[in-house]
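*Asks:* My structure is below; once you've seen it, I'll send some questions.
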Amino acid sequence: MACAAGTALVLGGIYAHAEAASPRTAPVSSTTTAATASVSSVVDAANAFLATLSTDQKSKVLLGLTKANATAWSNLPCGSSCRVGIQFSTLSSTQLAAAKAVVQAATGTGSGTGYDQVSQILAADDVLGQSSGGYGSGNYYLAFLGTPSTSGTWQLHFGGHHLAVNLTYADGQLEGTTPYFVGVEPSSWTSNGTTYAPLKGMRDGMLAMLGGLSSTQLTQAKLSQSFSDVLLGPGKDGAFPTTKQGLAVSQLTSAQKQLVLAAVAPWVKVADDTTAASLLATYESELDQTYISYSGNSTLTAQGDYVRIDGPGVWVEFVCQNGVIYRNQIHYHTVYRDHTRDYGGEFSF
């Protein structure tokens, strides 16, 4: 077993809901046209996948957009006992390719982020499967919560061990890209002469951010608590700390602030490129209300080394843990949430 673990304000096509039951207003954004085109491609891919399925298979994929279904995700290799959807291992090669095409259409195109990172997490599970049962890229699940469309509200719900992708769409816009949980064990491996390290960009961004601080700033940023895992993993929806801790980004230089923004970017890029750029612009506008903190060592090399970015919107955690299968190695857990946009703001917690 792996480690445990409104009124709508429109911001670049991303809705921030004060109350889930409040009516939406039409998005006003220079990126609306591009974002709508992106959602259309996701819907087309989703419909192409559904066309490959039997009636029984469709019943496993097309589910209601309920809180229970949306929050049914985990970092554990617990199969259908902790998540909903159709299991990849039950699909034919044609169906599997169509399913992956949906995830690819929905996620970013960057190297080491978006779909590339998602693919590497699945590959890491295949590596684990060579050493221990219960792991493998076939043990991942895909569901559509609500009916994929460019007019209604629905969620692309995908994940398995060390992965949870939750992308919520409404009225042809991507209104929520979180929660996004991603972890990896082993942290790196080599196959056919190519070395893979799916979370390297995330770790390196956090290291650069912490490395850009002075000794005084590091002291201000250090937390008194210790952490064995992320705070806001599965089952911790809405449990954001009431008080922000650590070092206020408003006290940083312009260069240091850009390191904070760069550290956030790899998580945000799980979304399509247009949405990711819009969200990053929003988070940049909120930097002066954002805090950074860490626990353990700032080198991110040992059990309990932990770093957090907490803003009005963005919440990112990264923690080091001892290996479960590869016991002589550190492995990583991370989570990206948003104070107002988790599950597109569709539910109250």
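The values are calculated or read from the model by the stated rules, or taken from the named source; none is laboratory data. Because the structure is predicted, anything quoted here is derived from the model rather than measured. All Cβ positions, glycine included, derive from the backbone under ideal geometry; neighbour counts span all protein chains shown. Surface areas here come from the heavy atoms of the whole protein model, side chains and all, with no ligands, DNA or RNA. Shrake-Rupley method; radii C 1.70, N 1.55, O 1.52, S 1.80 Å.
*Asks:* Once the other residues with Cβ under 13 Å from the Cβ of V102 are scored (Lys, Arg +1; Asp, Glu -1), what is the net sum?
*Replies:* Within the 13 Å Cβ shell, the charges total -1.
*Asks:* While we're looking at this one, here's another question. Sorted by mean Cβ packing within 10 Å, highest first, what order do the peptides 68-75, 185-192, 81-88 take?
*Replies:* Taking the mean over residues of other Cβ atoms within 10 Å, the ranking is 68-75, 81-88, 185-192.
*Asks:* Additional query: Hey, how many Å between the Cα centroid of region 251-322 and the Cα centroid of region 202-236?
*Replies:* A separation of 9 Å, based on Cα centres.
*Asks:* Based on the Cα gyration tensor of region 87-128, what are the three equivalent ellipsoid semi-axes, each the root of five times an eigenvalue, rounded to whole Å and given largest first? List each step's numbers first, then the result.
*Replies:* Values: eigenvalues 68, 45, 7 Å².
So the three semi-axes of region 87-128 are 18, 15, 6 Å.
*Asks:* Moving to a separate point now. Shape verdict for region 282-342, please, from the Cα gyration tensor: rounded (a/c under 1.5), prolate (a/b greater than b/c) or oblate.
*Replies:* prolate
*Asks:* Within 9 Å, Cβ to Cβ, of F318, how many net charges do the neighbouring residues add up to if Lys/Arg are +1 and Asp/Glu are -1?
*Replies:* On the way: positive: R203, R308; negative: D305, E317.
Neighbour charge sum, excluding F318 itself: 0.
*Asks:* Counting only residues 5 or more places away or on other chains, whose amide H sits under 5 Å from the amide H of S137 once H atoms are built in the peptide plane?
*Replies:* Answer set, sorted by chain and number: D126.
*Asks:* Let me ask something else about it. Could you order peptides 244-250, 324-330 by the average number of other Cβ atoms within 10 Å of their residues, highest first?
*Replies:* With the highest mean Cβ count within 10 Å placed first, the list reads 244-250, 324-330.
*Asks:* Given the pairs K67/K200; K222/K257; K222/K269, which span a C-alpha to C-alpha distance of over 22 angstrom in this model?
*Replies:* Violating the 22 Å Cα-Cα cut-off are K67/K200; K222/K269.
*Asks:* Classify the chain as rounded, prolate or oblate from the Cα gyration tensor: take a ≥ b ≥ c as the square roots of its eigenvalues, call it rounded if a/c is under 1.5, otherwise prolate when a/b beats b/c and oblate if not.
*Replies:* Oblate, because a/c is 1.5 or more while a/b does not exceed b/c.
*Asks:* Give the percent of DSSP beta bridges with both residues in the chain that are antiparallel, rounded to the nearest 5.
*Replies:* 95 percent
*Asks:* If amide hydrogens are placed 1.01 Å from N in the peptide plane, which non-local residues have theirs closer than 5 Å to the one on A271?
*Replies:* It is G108, by chain and number.
*Asks:* To continue, here is another question. Could you tell me the relative contact order of region 219-309? Use alpha-carbon pairs under 8 Å, at least six residues apart, and round to a whole percent.
*Replies:* 39 percent
*Asks:* When every alpha-carbon pair in region 238-285 is counted, what percent end up more than 18 Å apart?
*Replies:* Above the 18 Å cut-off, region 238-285 has 43 percent of its Cα pairs.
*Asks:* Can you work out the accessible area per residue across region 131-197, with the rest of the protein chains kept in place, probe 1.4 Å, in square angstrom? Display every interim value, and only then the final one.
*Replies:* Values: 1630 Å² over 67 residues.
Per residue, region 131-197 has an accessible area of 24 Å².
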